[in-house]
Amino acid sequence: MQGTSTITTADIWAALESVKDPEIPVLSVVDMGIVTAVSHQEGSDAATVTMTPTFVGCPAIDMMKKDIYHAVKNLGLASVEVLVDMDTVWSSDRMSADAKARLEKFGIAPPPVADGELTAEMLDRVRCPHCGSTDTTLRSTFGSTLCRAIRFCFSCKQGFEQFKPL
Amino acid sequence: MNTEAIKDLLYRMADDALIIGHRNSEWTGIGPMLEEDLAFSSMSQDKIGHAQALYNILYTSFGEKNPDVLAFQRAEKDFRSCQLVELPIGEYDFSLVRHFLFDHAEALRYSLLEASSFAPIAGLARKVRGEIRYHVMHADTFFKQLSTGSEVAKARMQSALNYALPFALGIFEPSAYEEALIAEGIFAGEARLQELWLQKITPLVAAAGLQMPAMDTAKAVYGGRKGYHSEYLQPLLAEMTEVTSIDPSAEW
């Protein structure tokens with residue numbers, strides 16, 4: 001038998017906004033498009049949150065799962081379940097425009113719109129998050145985390161990271 | 001659905017991903033340049049993630065043991081990986097050629113599986129498409145770059161290709177379930193995959209200025225899919241499971 005609660009579905013989404021991606025602390029799991037569904041009936045004290053990893057082998061997944069559980073549980077719900085969904089195709093297009101702007105401010109060039117494709121142009125003319133120049137080049141499609149590539153800016157002569165289009 | 005057929009397919013794929021992931025992670029710290037060290041390390045992490053997702057399907061859909069037990073507590077003869085993936089990393093030319101041959105087969109396998117009638121594998125296939133595209137792009141870039149480098153580089157790439165190709169053909173060792181897999185729309189089968197793979201890599205090998213070894217004389221190295229492995233798998237497993245075997249029940 002489910003109990004009742006005054007916690008709303010909107011409260012749950014707000015709590016999820018407080019859960020940050022451990023590798024990118026300026027973005028929440030909602031900004032990243034990692035949370036794919038919240039299942040909660042208004043007035044119920046039970047909720048299920050569904051999430052999907054960005055890259056299947058993302059090592060931060062268990063940590064985010066725990067963080068999501070605690071953030072939602074701490075609202076005062078009696079029962080919280082967090083499910084990992086391997087069917088939803090995560091794409092960097094799931095990140096909001098606002099999230100991309102914050103990513104750039106944090107020092108990581110945001111991913112261009114991928115639309116399920118990956119083209120050479122996409123890896124070209126990426127704007128440097130330090131100086132804004134697009135005179136940059138791809139140094140390595142693999143970087144410090146699974147979701148990042150390494151680039152170099154000819155204008156300010158600095159290396160920088162780019163969130164990969166996926 | 002023929003569950004034995006699906007399980008066999010999942011074990012092949014998961015074991016391939018785990019073993020190639022472990023092997024290529026041996027480049028971490030000793031890659032020929034920083035970017036390549038990062039590339040092999042990242043791709044290994046992806047592959048091990050794919051292995052985990054595949055073992056998880058075996059666990060949740062078929063009641064097999066949990067992914068950690070499947071990865072770390074099985075005997076060598078229970079591994080269904082092809083022999084290509086267990087070979088030592090060797091020199092960089094071999095690792096790169098193996099990466100090129102294996103990843104093209106893997107990418108094509110997943111792309112066929114996107115249409116699988118077995119929903120969990122179709123879902124995973126769609127999910128990993130984007131990451132595998134990066135692996136293939138990396139393989140193609142460096143395969144061509146090294147093959148079109150100096151004469152020495154070209155010769156080394158050619159000899160690595162000649163050595164690796166029979167093992168790569170072992171990827172497509174038919175299972176006892178080919179007909180069932182095809183009839184039930186689970187997977188188009190190893191023969192079809194090999195055909196698509198040859199169509200894909202032959203022009204890439206030519207564009208890199210290398211010779212494709214003659215297919216009529218190249219003898220596929222089979223056995224891995226039935227649990228017969230080379231002398232290299234057992235030492236790899238011993239190393240990979242060294243920590244877990246101290247205390248298999250430890251909580252991490």
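Highest mobility in the GNM of chain B, judged by mean-square fluctuation with C-alpha springs under 10 Å and restricted to B:M240, B:M157, B:M43, is found for B:M240. Accessible area per residue (1.4 Å probe, heavy atoms of protein chains only) ranks A:I61, B:I182, B:I19 as B:I182, A:I61, B:I19, with the largest value leading.
What percent do you get for the relative contact order of the stretch B:63-188 when only Cα pairs under 8 Å and 6+ apart count?
On the way: 89 pairs, mean separation 43.4, N = 126.
Once normalised by length, the contact order is 34 percent.
Out of all DSSP beta bridges with both ends in the stretch A:9-84, state the antiparallel percent to the nearest 5.
On the way: 6 of 12 bridges.
The antiparallel proportion sits near 50 percent.
What is the average number of partner chain Cβ atoms found within 10 Å of a Cβ in B:123-130? Don't jump to the answer; show the numbers that get you there.
Numbers: counts 5, 4, 1, 5, 11, 5, 4, 14.
Mean partner shielding for this stretch: 6.
Using alpha-carbon positions, what is the distance between the centroids of the stretch B:1-55 and the stretch A:114-166, in Å? Taking the Cα centre of the stretch A:114-166 as reference, the centre of the stretch B:1-55 is 26 Å away. Computed with a 1.4 angstrom probe on protein heavy atoms, the B-A interface buries about 2000 square angstrom of accessible area in total.
For B:K154, the lysines whose Cα falls under 18 Å of its own Cα, not counting residues fewer than eight places away in the same chain, are B:K144.
Under 8 Å for C-alpha pairs, at least 6 residues apart: give me the relative contact order for the stretch A:1-98, rounded to a whole percent. Mind dumping the intermediate values first?
Working: 161 pairs, mean separation 31.6, N = 98.
Relative contact order for the stretch A:1-98 comes out at 32 percent.
Just counting partner chain Cβ atoms within 10 Å, what average do the residues of peptide A:56-68 show around their Cβ?
Details: counts 16, 16, 3, 3, 0, 2, 1, 0, 0, 0, 0, 0, 0.
Taking the mean over all residues of the peptide, I get 3.
Separation of the stretch A:1-56 and the stretch B:140-161, taken as the distance between their Cα centroids, equals 50 angstrom.
What is the mean projected area of the alpha carbon convex hull for the protein assembly as shown, to one decimal in square nanometres?
Numbers: hull surface 89.5 nm².
Computing the convex hull of the Cα atoms and averaging its projections yields 22.4 nm².
Partner shielding of B:40-53 amounts to 4, given as the average count of beta-carbon atoms from other chains within 10 Å of each residue beta-carbon.
In debye to the nearest 20, how big a dipole does the stretch B:104-168 give about its Cα centre with +1 on each Lys and Arg Cβ and -1 on each Asp and Glu Cβ? Please report the intermediate quantities before stating the final value.
Numbers: 8 positive and 5 negative charges, 16 e Å.
Computed charge dipole of the stretch B:104-168: roughly 80 debye.
Under the criterion of Cα pairs below 8 Å and six or more residues apart, the relative contact order for chain B equals 25 percent.
Give me the accessible area per residue for the protein assembly as shown, probe 1.4 Å, as a whole number in Å². Could the numbers behind the result be given before it?
Numbers: 18260 Å² over 418 residues.
Roughly 44 Å² per residue, with all protein chains present.
Cross-link reach is defined here as a Cα-Cα straight distance under 23 Å, omitting same-chain residues fewer than 8 places apart; for A:K73 the lysines meeting it are A:K20, A:K65. For a straight C-alpha distance cut-off of 19 angstrom, the aspartates and glutamates reachable from B:K65 (same-chain residues fewer than eight places away being disregarded) are B:E4, B:D8, B:D15, B:D16, B:E76, B:D78, B:D247, B:E251.
For chain A, rounded, prolate or oblate, judged on the Cα gyration tensor with a ≥ b ≥ c (square roots of eigenvalues), a/c < 1.5 rounded, else prolate if a/b > b/c? If you can, show how the numbers build up before the last one.
On the way: a/c = 2.89, a/b = 2.47, b/c = 1.17.
It is prolate, given that a/c is not under 1.5 and a/b is the larger ratio.
The helix-based estimate of mean residue ellipticity at 222 nm for chain B, built from -39,500 (n - 2.57) per DSSP H run of four or more residues and divided by its residue count, is -22000 deg cm²/dmol to the nearest 500.
The values are calculated or read from the model by the stated rules, or taken from the named source; none is laboratory data. Bear in mind the structure is a predicted one, so any value in this text is a computation, not a measurement. Cβ: placed from backbone, ideal geometry, glycine included. Neighbour counts: every protein chain shown. Note: accessible area is taken over every heavy atom of the protein model, side chains too, but ligands, DNA and RNA are not part of it. Shrake-Rupley method; radii C 1.70, N 1.55, O 1.52, S 1.80 Å.
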